[in-house]
Amino acid sequence: MGPVGAPLDGKGLLDVLGVAAVVLDARGRIVLWSPQAEDLFGFPADEALGRYMARLVVAEEHREEAMRLFGEVLHGGATWAGTFPVRHKDGGVRQVEFRNMRLTDDLGGLYALGIAADRSAVDRVETQIALSGRLVSQSPIGLAVLDTDLRYVLVNPALERINGMPAALHIGRRIGDMLPRVDAHALEAALRSVLASGTPLLDRPTVGRTPADPDHDHSWSVSFYRLEGAENRVLGVAASVIDVTERHRADSAAARSRRRLALIADASARVGTTLEVERTADELASVVVPELADIAAVDVLDSVLALRRPGAPEEGPELFRALAVKAGALTEALPAADPPGAVAMYGADRLVTRCVHTGLPVLVEHVGPGDLARIARNPEAAELLARAGVHSYLAVPLIARGEVLGALDLKRDRNALPFDSDDVLLATELAARAAVSIDNARWYQSVRNSAVTLQRSLLPGAPPERAGLEIAARYQPAQASSEVGGDWYDVIPLADDKTALVVGDVMGSGIDAAATMGRLRTATCAFADLDLSPAQVLRHLDRITAGLEHYIATCLFVVHDPVLARCRIANAGHLPPVRVPVDGPAELVKVPPGLPLGVGGATFRTTRVPLRPGDRLVLYTDGLVETRDEAIDERLAVLVGLLDKARGPLEETCDELLRALRRPGAADDVALLIARSTG
């Protein structure tokens, strides 16, 4: 291999020191004088060559010492190093660092070689070298220098501690040789990029394990920069390594806390939006997947839904009803869960049963084959969970008002991390919030079912057959998460083949509204039997309603007379009926609106409307046509248009109207009554 170098246009170490070379013959005369000697002593070569060194640059008082040292080097063969005061051409005295030694030529002639540098420059360089060495050796930051082949040439003590190996073992070896459990390939690719471009790479995050702590992952921030010598010659690359494991863990913990708070906030907004048990359970499962679990199931004790759960937990098997199941991705674990609506018996040895019996979370961080048998409902389901790779399990109880309602069942198959104590706290918090909503929903549904039962029991059965009339009727309770209302209809036989047709709506909801509706219906039947006019019937009902503790109601009272082929109608704040002539377009009947029942002191009027054979009269409550986003006039026009086309059987017409006008999740109940004159 040939010499490596280049013309010295830049500054190397020798240039910084200004090292001068001087050669003296055996008599002490100067025979070689380097350009650096000219700079150091101030004398050009033509003034120095051939002159005695001692006389040229040594002061009188130091010449004897200089001659003695010269003799020791030349004749004694000694090598002398030290500082000696010399005289500069400008008359000043300078301290010069010397390295003197004897030279011999091929003829046996003796010479003295002096290597000299300004002592202040030497002191400065020595200080810088010492400082650099201390900075490297005492730095708490791991420092390394790698050559252009990416082999270690220097490792400081801090990096020894980080890597867990002495510096001597590093020298001449690559990163991958020393640290097999870090991504050496990626690090070396980054180092080569820095070597090629010269652009430093700062604060690159790296995670791995070293012999210093082989059982735990550590995080480091590494920075790389290229080292260059004289003439920009690339010497290698320097690396600094800072262990940021604690900061990384703190950041990860903070980020995890933020995600958990966001999940709780999300659950607060999304869980319990309705008073429906199944919907609330589905909302809970949707929130926890996939942020907390890969598969989630919400199972409630069947006895809880039936409102017959005893006060203390039992010890035997439990009958669960599955309310919701969610998975973050397609997995074999999903069919292993009980589908929503299914009822399954789980023995006392099952983990979910233990969860509801104790009212405490059940955590299996690392699921084994024996655990799957206690998680799944049967061996086939356990096999599905095993194939799906379920490796961690958590069940937390759904507790509301001190009562265990069921359990939130969580599994992980895709997420490599097992459930931990933080996950238990989060799942418990989410389950507690959802349990209150589920409890509210189940009690509401019980009350609502009672109200609906009462409502239906107070309504008439199938409309009776009446002379001169064909009648069809429907009652449909509210579909949204609101209580049942007080809508009703009635068909009341009167003397002389007359028939009273009634629809009404008690404002309010719940059992009280249904009970008030029953009282008004009973009173309506009693007053109708007195052969009063429709207006008189409403006046009596108004007085009764005014005494019913803040309740008011609307009512449309119609008396059909088949002999006269007409109807007498009185209205108490109700929507107008629709008349559908057999040979003409459907139309709203213009009747005075009147005031609702219960206002007190209202005046009601009776209107006569013809109803010839084949004509229809449609009575309905506002739940059929009212919506929040459309004007009532527009909805009434839609109703009239539908009736104009619906000329088929009355039962079909009732179904068509409900199908066309009833919105999904309607918040009000509906009473509908259609009468057709048969002559």
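Quick notes on this one:
- Taking the criterion of being surrounded by 12 or more Cβ atoms within 10 Å (Cβ to Cβ), among the acidic types (Asp, Glu) and more than 14 Å from the chain's Cα centre (by Cα), the residues of region 220-271 that qualify are GLU228, GLU231, ASP243, ASP251.
- Flag if VAL287 is outside any helix (DSSP H, G or I) and either touching a Lys or Arg at 6+ places or on another chain (Cβ under 6 Å) or modelled with pLDDT of 85 or more (or both): no
- Region 142-183, residues that are surrounded by fewer than 18 Cβ atoms within 10 Å (Cβ to Cβ), touching a Gly at 6+ places or on another chain (Cβ under 7 Å) and among the hydrophobic types (A, V, I, L, M, F, W, C): VAL145, VAL153
- Leading residue by the ranking (modelled with the highest pLDDT) among those in region 470-489 that are in contact with a Gly (Cβ under 9 Å, 6 or more places away or on another chain), assigned to a loop (DSSP other than H, G, I, E, B) and buried (at least 18 other Cβ atoms within 10 Å of the Cβ): PRO477
- When ARG628, ARG608 are checked against the criterion of being assigned by TED's automatic domain parsing to the domain that holds MET507, in a loop (DSSP other than H, G, I, E, B) and basic (Lys, Arg), a single residue qualifies: ARG628.
- Verdict on ASP299 being under 19 Å from VAL424 (Cα atoms), acidic (Asp, Glu) and at pLDDT 90 or above: yes
- Here THR358 meets each of (1) over 26 Å from the mean Cα position of the chain (by Cα); (2) β-branched (Val, Ile, Thr); (3) surrounded by 13 or more Cβ atoms within 10 Å (Cβ to Cβ) with one exception, condition (3).
- Within region 556-604, tally of residues that are hydroxyl-bearing (Ser, Thr, Tyr) and touching a residue at least 40 places away in the same chain (Cβ under 8 Å): 0
- Those strands (runs of 3 or more DSSP E) lying entirely in region 352-456 with at least 2 residues β-branched (Val, Ile, Thr): 362-364, 392-400
- Extreme residue, modelled with the lowest pLDDT, among residues of region 305-323 that are surrounded by fewer than 23 Cβ atoms within 10 Å (Cβ to Cβ) and of a type in the set (A, V, I, L, M, F, W, C): ALA312
This table checks each residue for (1) surrounded by fewer than 16 Cβ atoms within 10 Å (Cβ to Cβ); (2) at pLDDT 90 or above.
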position: VAL4; (1), (2): yes, no
position: VAL16; (1), (2): yes, no
position: GLU38; (1), (2): no, yes
position: ASP46; (1), (2): yes, yes
position: VAL58; (1), (2): no, yes
position: PHE84; (1), (2): no, yes
position: GLY91; (1), (2): yes, no
position: ARG102; (1), (2): no, yes
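- When region 116-147 is limited to residues that are under 45 Å from the mean Cα position of the chain (by Cα) and among the β-branched types (Val, Ile, Thr), the one that is modelled with the lowest pLDDT turns out to be VAL136.
- ARG260 passes every criterion in (1) within 23 Å of ILE171 (Cα to Cα); (2) out of contact with any strand residue (DSSP E or B) (no Cβ under 8 Å at 6 or more places or on another chain); (3) in contact (Cβ under 8 Å) with a residue 24 or more places away in the chain apart from (1).
- Looking across ASP644, ASP668, one residue alone is among the acidic types (Asp, Glu), surrounded by 14 or more Cβ atoms within 10 Å (Cβ to Cβ) and in a helix (DSSP H, G or I). It is ASP644.
The values are calculated or read from the model by the stated rules, or taken from the named source; none is laboratory data. All values reported here derive from a predicted model rather than from experimental measurement. As a convention, Cβ positions derive from the backbone with ideal geometry for all residues, glycine included, and neighbour counts pool all protein chains shown.
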